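Below is one structure, written out as C-alpha coordinates, with a few remarks after it.
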Amino acid sequence: EDVLISVSQTSDGGYILGGSSCSNISADKSENNITGWCEWKDYWIIKLNGSGNIVWDNTITAGSIDYGTTIREDEFGNYFLGCSSSSNISGDKTATKKGWMDYWVIKINPEGEILWQETYGGPSDDLLEDMILTSDGGFICVGTSTSNAGENKTDNGFGVQDWWVIKIDEQLNVEWDRTFGGSSFDYAKQVLETPEGDFMLAGSSS
(Lines give C-alpha, C1' and ligand atoms only; values in the text may rest on other atoms or scores of the structure.)
Protein backbone atom coordinates (compact mmCIF):
# COMPACT_ATOMS: atom_id res chain seq x y z
CA GLU A 1 0.00 0.00 0.00
CA ASP A 2 1.40 3.40 -1.05
CA VAL A 3 -0.63 6.52 -0.24
CA LEU A 4 0.14 9.95 -1.71
CA ILE A 5 -0.52 12.76 0.78
CA SER A 6 1.40 15.81 -0.47
CA VAL A 7 2.74 17.08 -3.81
CA SER A 8 4.43 20.39 -4.61
CA GLN A 9 6.15 21.88 -7.63
CA THR A 10 9.84 22.54 -6.96
CA SER A 11 11.98 25.53 -7.95
CA ASP A 12 13.79 23.48 -10.61
CA GLY A 13 10.54 22.78 -12.46
CA GLY A 14 10.11 19.29 -11.06
CA TYR A 15 7.91 17.95 -8.30
CA ILE A 16 8.29 16.41 -4.88
CA LEU A 17 5.82 13.83 -3.58
CA GLY A 18 5.35 12.60 -0.04
CA GLY A 19 3.17 9.96 1.51
CA SER A 20 3.07 6.71 3.42
CA SER A 21 4.18 3.31 2.25
CA CYS A 22 4.44 -0.24 3.55
CA SER A 23 6.06 -1.57 0.36
CA ASN A 24 9.43 -3.26 0.19
CA ILE A 25 11.92 -2.75 -2.66
CA SER A 26 10.02 -3.21 -5.91
CA ALA A 27 8.99 -1.25 -9.00
CA ASP A 28 9.75 2.43 -8.18
CA LYS A 29 10.70 1.92 -4.51
CA SER A 30 14.41 1.56 -3.70
CA GLU A 31 14.28 0.84 0.06
CA ASN A 32 12.48 -1.74 2.18
CA ASN A 33 9.84 -1.08 4.79
CA ILE A 34 11.78 -1.41 8.05
CA THR A 35 9.11 -3.28 10.01
CA GLY A 36 7.59 -5.53 7.38
CA TRP A 37 4.13 -4.76 8.78
CA CYS A 38 1.65 -2.74 6.79
CA GLU A 39 0.06 -1.38 9.95
CA TRP A 40 3.35 0.47 10.63
CA LYS A 41 4.04 2.70 7.67
CA ASP A 42 7.08 4.66 6.51
CA TYR A 43 7.37 8.14 5.02
CA TRP A 44 8.17 7.74 1.31
CA ILE A 45 9.45 10.75 -0.63
CA ILE A 46 9.91 10.87 -4.42
CA LYS A 47 11.62 13.65 -6.40
CA LEU A 48 10.49 13.96 -10.02
CA ASN A 49 11.90 16.07 -12.83
CA GLY A 50 9.73 18.26 -15.04
CA SER A 51 8.87 15.28 -17.27
CA GLY A 52 7.66 13.13 -14.38
CA ASN A 53 10.70 10.86 -14.23
CA ILE A 54 12.09 9.82 -10.85
CA VAL A 55 15.29 11.63 -9.83
CA TRP A 56 15.52 9.96 -6.41
CA ASP A 57 13.36 8.42 -3.71
CA ASN A 58 13.94 8.08 0.01
CA THR A 59 12.15 6.00 2.62
CA ILE A 60 12.32 7.67 6.02
CA THR A 61 11.36 5.34 8.82
CA ALA A 62 11.83 4.69 12.49
CA GLY A 63 10.09 1.39 13.04
CA SER A 64 6.61 2.39 14.17
CA ILE A 65 3.85 4.67 12.82
CA ASP A 66 5.60 7.50 10.94
CA TYR A 67 3.98 9.49 8.15
CA GLY A 68 4.26 12.90 6.54
CA THR A 69 1.55 15.41 5.74
CA THR A 70 3.39 18.32 4.09
CA ILE A 71 6.61 19.28 2.29
CA ARG A 72 7.97 22.82 1.98
CA GLU A 73 10.97 23.96 -0.09
CA ASP A 74 13.31 26.73 1.08
CA GLU A 75 15.23 29.21 -1.08
CA PHE A 76 18.26 26.90 -1.25
CA GLY A 77 16.37 23.89 -2.61
CA ASN A 78 16.24 22.05 0.72
CA TYR A 79 12.97 20.48 1.86
CA PHE A 80 11.22 20.65 5.22
CA LEU A 81 9.07 17.61 5.94
CA GLY A 82 6.15 17.92 8.35
CA CYS A 83 5.43 14.51 9.87
CA SER A 84 3.80 12.69 12.74
CA SER A 85 5.64 9.92 14.56
CA SER A 86 5.10 7.42 17.34
CA SER A 87 8.63 5.99 17.10
CA ASN A 88 11.46 6.10 19.57
CA ILE A 89 15.01 6.74 18.34
CA SER A 90 15.65 4.08 15.70
CA GLY A 91 16.15 3.75 11.97
CA ASP A 92 16.34 7.26 10.50
CA LYS A 93 15.02 8.89 13.68
CA THR A 94 17.51 10.55 16.03
CA ALA A 95 15.07 12.91 17.80
CA THR A 96 13.71 11.99 21.22
CA LYS A 97 10.11 10.89 21.56
CA LYS A 98 7.91 13.20 23.66
CA GLY A 99 4.48 11.51 23.90
CA TRP A 100 2.63 8.73 22.12
CA MET A 101 2.52 10.69 18.83
CA ASP A 102 4.63 13.80 18.15
CA TYR A 103 5.15 16.42 15.50
CA TRP A 104 8.34 15.32 13.65
CA VAL A 105 10.07 17.94 11.49
CA ILE A 106 12.85 16.83 9.13
CA LYS A 107 15.07 18.90 6.85
CA ILE A 108 16.57 17.17 3.81
CA ASN A 109 18.94 18.50 1.16
CA PRO A 110 18.15 18.64 -2.60
CA GLU A 111 19.40 15.04 -2.93
CA GLY A 112 17.04 13.74 -0.25
CA GLU A 113 19.60 13.28 2.55
CA ILE A 114 18.61 14.20 6.12
CA LEU A 115 20.31 17.38 7.40
CA TRP A 116 18.55 17.63 10.78
CA GLN A 117 15.38 16.63 12.57
CA GLU A 118 13.47 17.44 15.74
CA THR A 119 10.31 16.29 17.53
CA TYR A 120 7.78 18.49 19.31
CA GLY A 121 4.92 17.28 21.46
CA GLY A 122 3.07 16.91 24.72
CA PRO A 123 2.59 13.76 26.81
CA SER A 124 -0.16 12.22 24.64
CA ASP A 125 -1.19 12.36 20.92
CA ASP A 126 -0.07 15.29 18.75
CA LEU A 127 -0.68 14.92 15.00
CA LEU A 128 0.84 17.44 12.59
CA GLU A 129 -1.44 18.56 9.75
CA ASP A 130 0.34 21.55 8.17
CA MET A 131 3.64 23.41 8.39
CA ILE A 132 4.95 26.54 6.67
CA LEU A 133 8.30 28.31 6.59
CA THR A 134 7.93 31.80 8.07
CA SER A 135 9.34 35.12 6.93
CA ASP A 136 11.62 35.34 10.00
CA GLY A 137 13.52 32.17 9.03
CA GLY A 138 11.67 29.79 11.32
CA PHE A 139 8.58 27.67 10.81
CA ILE A 140 5.16 27.12 12.32
CA CYS A 141 3.33 23.82 12.75
CA VAL A 142 -0.39 23.22 13.32
CA GLY A 143 -2.24 20.05 14.09
CA THR A 144 -4.48 18.27 16.56
CA SER A 145 -3.67 17.33 20.13
CA THR A 146 -5.09 15.29 22.98
CA SER A 147 -2.19 16.28 25.25
CA ASN A 148 -2.35 18.31 28.40
CA ALA A 149 0.60 20.50 29.43
CA GLY A 150 3.98 18.80 29.42
CA GLU A 151 7.16 18.56 27.33
CA ASN A 152 6.76 21.28 24.62
CA LYS A 153 3.08 21.93 25.34
CA THR A 154 2.35 24.71 27.83
CA ASP A 155 -1.48 24.61 27.98
CA ASN A 156 -3.88 21.91 29.09
CA GLY A 157 -6.48 20.74 26.62
CA PHE A 158 -9.98 22.15 26.49
CA GLY A 159 -11.91 19.16 25.10
CA VAL A 160 -11.45 15.72 23.62
CA GLN A 161 -9.12 17.03 20.90
CA ASP A 162 -7.82 20.56 20.30
CA TRP A 163 -5.84 22.58 17.79
CA TRP A 164 -2.17 22.91 18.75
CA VAL A 165 0.01 25.59 17.14
CA ILE A 166 3.75 25.77 17.74
CA LYS A 167 6.20 28.42 16.45
CA ILE A 168 9.86 27.41 16.01
CA ASP A 169 12.84 29.71 15.41
CA GLU A 170 15.85 29.17 13.12
CA GLN A 171 17.73 27.34 15.89
CA LEU A 172 14.83 24.84 16.27
CA ASN A 173 13.81 26.34 19.62
CA VAL A 174 10.14 26.75 20.58
CA GLU A 175 9.22 30.45 20.54
CA TRP A 176 5.62 29.92 21.64
CA ASP A 177 2.75 27.47 21.46
CA ARG A 178 -1.02 27.92 21.73
CA THR A 179 -3.91 25.51 22.26
CA PHE A 180 -7.36 26.33 20.83
CA GLY A 181 -10.51 24.30 21.30
CA GLY A 182 -13.93 23.73 22.72
CA SER A 183 -15.44 20.87 24.66
CA SER A 184 -15.36 18.18 21.94
CA PHE A 185 -13.36 17.39 18.78
CA ASP A 186 -11.51 20.21 16.97
CA TYR A 187 -9.33 19.61 13.90
CA ALA A 188 -6.69 22.09 12.67
CA LYS A 189 -5.92 21.66 8.97
CA GLN A 190 -4.01 24.64 7.54
CA VAL A 191 -1.92 27.69 8.46
CA LEU A 192 -1.01 30.75 6.36
CA GLU A 193 1.18 33.77 7.10
CA THR A 194 -0.27 37.20 6.36
CA PRO A 195 1.76 40.09 4.86
CA GLU A 196 1.78 41.65 8.33
CA GLY A 197 3.49 38.59 9.83
CA ASP A 198 0.40 37.26 11.60
CA PHE A 199 -0.97 33.76 11.08
CA MET A 200 -4.37 32.52 9.96
CA LEU A 201 -5.55 29.03 10.94
CA ALA A 202 -8.29 26.97 9.36
CA GLY A 203 -9.91 23.76 10.51
CA SER A 204 -13.13 22.26 11.76
CA SER A 205 -14.94 21.80 15.03
CA SER A 206 -17.63 19.56 16.44
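Starting from region 141-156, take each residue that is at pLDDT 95 or above and acidic (D, E) and list its partners that are open to solvent by less than 40 Å² (accessible area, probe 1.4 Å) and assigned to a strand (DSSP E or B), counting only C-beta distances under 6 angstrom and pairs at least six apart or across chains.
D155/T179
Which residue pairs have Cβ atoms under 9 Å apart, sit 6 or more places apart or on different chains, and have a first residue in region 117-138 that is farther than 15 Å from W163 by Cα and a second that is assigned to a strand (DSSP E or B) and of a type in the set (S, T, Y)?
Pairs found: E118/Y103; T119/S85; T119/Y103; I132/T70.
Which count do you get for residues in region 81-117 that are surrounded by fewer than 18 Cβ atoms within 10 Å (Cβ to Cβ) and acidic (D, E)?
2
If we scan region 45-53, do we find a residue that is assigned to a loop (DSSP other than H, G, I, E, B) and surrounded by 22 or more Cβ atoms within 10 Å (Cβ to Cβ)?
No.
Look at L115 and say whether it is assigned to a loop (DSSP other than H, G, I, E, B) and within 30 Å of D12 (Cβ to Cβ).
no
Among D66, D126, which is the only one that is of a type in the set (D, E), open to solvent by less than 10 Å² (accessible area, probe 1.4 Å), at pLDDT 95 or above and touching a strand residue (DSSP E or B) at 6+ places or on another chain (Cβ under 7 Å)?
Answer to the check: D126.
Determine, yes or no, whether D155 is part of a loop (DSSP other than H, G, I, E, B), within 14 Å of F199 (Cα to Cα) and open to solvent by 10 Å² or more (accessible area, probe 1.4 Å).
Against the criterion (part of a loop (DSSP other than H, G, I, E, B), within 14 Å of F199 (Cα to Cα) and open to solvent by 10 Å² or more (accessible area, probe 1.4 Å)), D155 does not qualify.
If you check every pair at least six apart or on different chains, which have Cβ atoms under 8 Å apart with a residue in region 5-18 that is closer than 15 Å to D57 by Cβ and at pLDDT 95 or above first and a residue that is among the polar types (S, T, N, Q) and open to solvent by 90 Å² or more (accessible area, probe 1.4 Å) second?
Y15/Q9
Since W164 meets every condition but one in (1) among the aromatic types (F, W, Y); (2) within 21 Å of I106 (Cα to Cα); (3) surrounded by fewer than 18 Cβ atoms within 10 Å (Cβ to Cβ), which condition does it not meet?
Evaluating W164 over (1) among the aromatic types (F, W, Y); (2) within 21 Å of I106 (Cα to Cα); (3) surrounded by fewer than 18 Cβ atoms within 10 Å (Cβ to Cβ) leaves (3) as the failure.
The values are calculated or read from the model by the stated rules, or taken from the named source; none is laboratory data. Computed from a prediction, not measured in an experiment: that's the story for all the values here. Heads up, the Cβs are rebuilt from the backbone with ideal geometry, glycines too, and the neighbour counts pull from every protein chain shown. Note: accessible area is taken over every heavy atom of the protein model, side chains too, but ligands, DNA and RNA are not part of it. Shrake-Rupley method; radii C 1.70, N 1.55, O 1.52, S 1.80 Å.
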